[in-house]
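These notes concern the structure reproduced below.
The values are calculated or read from the model by the stated rules, or taken from the named source; none is laboratory data. From a predicted model like this one, the values you see are computed outputs, not experimental measurements. Every residue, glycine among them, receives a Cβ derived from its backbone with ideal geometry; neighbour counts consider all protein chains shown. Only protein heavy atoms, including side chains, enter the accessible area calculation; ligands, DNA and RNA are left aside. Shrake-Rupley method; radii C 1.70, N 1.55, O 1.52, S 1.80 Å.
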Amino acid sequence: LSSRKRTTNNSFQLDALPFRVSPQEAYTQFQQWADKEQGLGPFLNIGGPIGSATISAAYTPFWYFDLNIRFVPPNGGGSRRDRANYNYSNFVPEPFRTAYPSSPNGTIHIPGLASYAGFSYRRSLIDPVHNTTPVFMQKDITPFGSWMLEPLKANAAITGGGEEAIEIFPDPWNATRERSLNVIYEELVDMANDQYSKSNDGDEGNQIRVEIERLRARRIYMPTYIVDYKILGVTYRAFLSGCDASVSVSGISHKTIFSDSASGQPSEVFRGASSFLSQKAMPLAGTAVQFFGLRPVVAIAQLGFNLIARLAMKLHIVGLFGGLFV
């Protein structure tokens, strides 16, 4: 990692992007994701008996960086003569290779890669919503002002109650500039080497080196919608952009929790349990397994096993099982 010395003063500078997506638009996007992609739609009616969902808004803190990034091949490009004619772009991972087809010496310039700098939310879920937002919305970035915290208008169907406004929560800062930059660096290294390994028959012995030059670093508040949804007592959380409706919903995948990692298809255990439950006197439980995975069923089975085990500790084991055949 390398960086140029900043020439700006020491005053606290905070950028922001205003909310452009309404709460209604965001919640509709979440509903489409939950229904069409996750199959959870029937369970997420606001105030419903089985599941529910509520939407809130926050300004989430990010550091964003203007970077020069260079992906260096495992052998460094060979000798000086080889490096002069070396095609470094072959080692630039996607999506950067497509976005920057011409990368002299393997160096690309990206103005605005961002990393979450708060502690209220899960980084792995919120980073995908905003990590490239400054790249595509540079012209909309403006100094943060108190007017940006004015409540957002929303109807009662969205808020889940009689309120017609959503308060905006300013998420506190937590991560330093260096920590945020290091997160981006580690993700670039993992991305480059994962793609290199897959394209070279799983070769993990050679590693692509990533070099970063930081040209600029700034703080920014990102407009974010948070949807907390509960299904059968289990709470989940999804994130949406408050400034770019084209960004996908970021949340856990309910359809792959019990899928085979290689094929993406339901595992044999899942298929067996689902089939058993649907054919016996528990069709509703079979439907629940399809929606929520096997975890609740396993938990119930473990509870039953524990009860039997405790009973066996108190009764003579032969008498216990002998009684089953009387």
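Name the single residue, out of those in the stretch 140-185 being over 26 Å from Arg122 (Cβ atoms) and aliphatic (A, V, I, L, M), that is modelled with the lowest pLDDT. It comes out as Ala157. Check the stretch 12-25 and report whether any residue there is among the hydrophobic types (A, V, I, L, M, F, W, C), touching a helix residue (DSSP H, G or I) at 6+ places or on another chain (Cβ under 8 Å) and at pLDDT below 90. So far as the stretch 12-25 goes, no, none of its residues is among the hydrophobic types (A, V, I, L, M, F, W, C), touching a helix residue (DSSP H, G or I) at 6+ places or on another chain (Cβ under 8 Å) and at pLDDT below 90.
Please tell me if Gly118 is open to solvent by less than 70 Å² (accessible area, probe 1.4 Å), under 29 Å from Ala175 (Cβ atoms), in a loop (DSSP other than H, G, I, E, B) and at pLDDT 80 or above. Don't jump to the end; show me each part of the working.
Working: open to solvent by less than 70 Å² (accessible area, probe 1.4 Å): yes; under 29 Å from Ala175 (Cβ atoms): yes; in a loop (DSSP other than H, G, I, E, B): yes; at pLDDT 80 or above: yes.
Judged against the criteria, Gly118 is a match.
Applying the selection to the stretch 195-236, what residues are in contact (Cβ under 8 Å) with a residue 12 or more places away in the chain, open to solvent by 60 Å² or more (accessible area, probe 1.4 Å) and part of a helix (DSSP H, G or I)? Matches in the stretch 195-236: Gln195 only. Within the stretch 237-255, if we keep just the residues that are among the small types (Gly, Ala, Ser), farther than 17 Å from Gly39 by Cα and in contact (Cβ under 8 Å) with a residue 24 or more places away in the chain, the residue that is surrounded by the fewest Cβ atoms within 10 Å (Cβ to Cβ) turns out to be Ala245.
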